[in-house]
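Readers should treat all values here as calculations from the given coordinates under stated rules, not as data from a laboratory. None of these values were measured; they are calculated from a predicted model. Note: ideal-geometry Cβ built from the backbone for every residue, glycine included; neighbour counts use all protein chains shown.
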Amino acid sequence: MSTSSKLTIDDKTLDFPVKHGSIGPDVYDISKLYAQSGAFTYDPGFTSTASCESKITYIDGDEGVLLYRGYPIEQLAEHGDFLETCYLLLYGELPSAAQKHAFVDNVTHHTMVHDQMNRFFLGFRRDAHPMAIMVASVGALSAFYHDSTDISDETQRMIAQIRMIAKMPTLAAMAYKYSIGQPFVYPKNDLDYASNFLRMCFAVPCEEYKVNPILARALDRIFTLHADHEQNASTSTVRLAGSSGANPFACIAAGIACLWGPAHGGANEAALKMLSEIGTPDNVAKYVAKAKDKNDPFRLMGFGHRVYKNYDPRARIMQKTTHEVLSELGIKDDPLLDVAIELEQIALKDDYFIEKKLYPNIDFYSGITLKAMGFPTSMFTVLFALARTVGWIAQWKEMIEDPSQKIGRPRQLYVGSPKRDYMPVSQRS
Ligand code: SDX
């Protein structure tokens with residue numbers, strides 16, 4: 001197994017250590033490249049760059065494998081639950097019964113938000129996008145919870161981690177209720193995590209709300225599928241924000257902002273809008289042609305992935321969950337599902353998609369499921385952010401606890417104007 005790699009530049013040969021992971025590709029440690037060569041590497045989009053060491057999540061894009069702390073996503077989705085997965089991502093091991101009970105109890109007793117947050121919400125327009133409200137309200141948590149913003153204090157870090165996991169569903173439900181003009185519903189401590197969220201979203205003061213256990217289980221599984229995903233764009237954003245010493249609430253707010261983009265977490269909302277625009281299965285061929293046309297910026301939302309060049313394992317589980325939810329709700333023929341199935345069948349047989357290794361990703365089916373559950377499309381990415389908060393906070397925790405951690409500071413290839421002197425306005429043309 002090689003321990004060093006050589007780079008020859010002109011008449012100079014530089015040695016760089018090769019670091020081996022427990023599984024997956026090796027890395028060439030080029031941290032001394034600039035000092036030794038005066039040159040930078042160039043890798044916009046970081047397709048060939050490892051930004052850190054991590055023990056949390058492993059993805060094999062070619063094999064379509066996703067492991068949380070070594071456990072396959074399929075097994076965790078089938079046999080585990082979201083809060084147990086949160087414990088695993090945060091602390092590295094599945095909890096014992098006693099550890100799980102204590103963790104769930106801790107999260108449960110942090111689900112309320114400071115009541116003045118209600119007034120904070122009143123500043124938003126009712127038609128504000130819920131993601132705009134989430135970016136603002138999560139950032140605002142650092143204005144309410146000063147007693148857990150000192151990142152040098154391990155106890156404060158732990159409390160902030162619990163608070164983030166516990167309060168995201170409450171804030172997300174508040175964002176939804178606010179957008180439809182209904183009163184906020186407080187969390188109930190005798191409900192599990194997903195049931196509590198469903199009730200905070202869909203209960204009204206005028207009548208008892210009965211949680212559908214099938215939908216609650218499906219939503220809990222959806223949260224598990226979205227919990228973490230290695231160094232994706234929003235997680236890298238959280239790590240970079242955290243590397244400056246910013247408090248965890250501010251870092252998570254930065255992650256939410258990045259996730260909002262349609263190329264990332266906003267794809268579930270964009271995918272459902274795309275399926276609605278296609279409308280019927282016989283329109284699919286036209287849109288597949290648009291996606292293949294180099295001159296047409298249209299892309300099939302919910303298709304393709306920066307890492308997966310095989311089927312996203314989460315999409316398979318998501319598809320199964322979609323069918324479960326639709327049948328529980330007695331939705332026999334959802335036109336959007338018919339379009340999605342036709343689109344997937346056509347695309348997976350088409351040379352363009354085969355050659356470019358474009359498969360459905362997690363966002364392809366999630367929108368259909370969430371819409372069937374009663375969520376508006378504007379809430380889809382909010383639910384993604386709710387679930388991904390544990391991944392962001394676990395990766396932030398790993399970074400903060402890394403003794404070699406320092407502020408992230410990429411360099412650039414400068415292609416602008418060389419040095420030139422100031423010209424008074426009287427001499428400018
Ligand atoms: C998520 O990183 C993560 O882990 C993200 C995520 C997570 O859990 O955090 O998995 C969540 O963000 C999933 C991805 C959701 N986004 C979408 O569904 C939006 C649609 N997909 C794309 O925009 C695109 O596939 C990306 C952004 C996901 C990946 O973009 P890349 O890396 O630029 O894609 P690529 O370089 O591998 O593309 C190769 C080729 C390109 O054509 P050429 O320039 O080589 O001719 O395939 C084309 C692309 O133009 N292509 C598509 C396409 N996706 C890529 N063509 C049509 N439709 C698409 N969806």
Compactness of the range 311-415 as Cα Rg over 2.2 N^0.38 Å, two decimals: 1.49
Enclosed volume per residue, in Å³, of the convex hull spanned by Cα atoms of the range 173-321: 177
Restraint check, K6/K294; K188/K332; K273/K332; K177/K357; K286/K357; K55/K309, Cα-Cα greater than 29 Å: K6/K294; K188/K332; K177/K357
Kirkwood Rh, angstrom, the range 17-60 [1 / mean 1/r, Cα pairs]: 12.2
The range 174-229 - convex hull of alpha carbons, volume per residue in Å³: 92
Among K273, K397, K356, residue whose mean-square fluctuation peaks in a GNM of the chain (springs only between Cα atoms under 10 Å): K356
Most fluctuating residue given options E207, E63, E53, as computed from a GNM of the chain linking Cα atoms under 10 Å: E207
Distance from the range 294-313 to the range 359-429 (C-alpha centre basis), Å: 18
Calculated [θ] (222 nm, deg cm²/dmol) that DSSP helices of n ≥ 4 give over the chain, each run adding -39,500 (n - 2.57): -15500 deg cm²/dmol
Dipole magnitude (debye, nearest 20) for the chain, charges at Cβ of Lys, Arg, Asp, Glu: 1260
Volume of the Cα convex hull of the range 308-371, divided per residue and given in Å³: 70
Mean Cβ count within 10 Å, highest first, over the residues of peptides 313-321, 176-184, 347-355: 313-321, 176-184, 347-355
Ranked by how many other beta carbons lie within 10 Å on average, peptides 208-217, 158-167 from highest: 158-167, 208-217
Protection proxy ranking of 327-336, 419-428, 228-237 - average other beta-carbon atoms within 10 Å, highest first: 228-237, 327-336, 419-428
Computed Rg/Rh of the range 193-276, alpha carbon atoms with Kirkwood Rh: 1.08
The range 155-205-the range 213-236 distance, computed between alpha-carbon centres (Å): 16
Shape metrics for the range 1-74, restricted to C-alpha atoms - Rg then Dmax, Å: 15.3, 51
Under the Karplus curve 6.51 cos²θ - 1.76 cosθ + 1.60, θ = phi - 60°, whole-Hz ³J(HN,Hα) for the range 232-241, x wherever Gly or Pro sits: 5, 4, 6, 5, 5, 5, 5, 5, 5, 4
Percent of Cα-Cα distances greater than 13 Å, calculated over the range 358-417: 75
Residue with peak Gaussian network fluctuation, the chain [Cα springs, cutoff 10 Å], from A227, A241, A102: A102
Over 38 Å [Cα-Cα, the chain], rounded percent: 27
Pairwise centroid distance, computed over Cα atoms, of the range 8-27 with the range 38-65, Å: 14
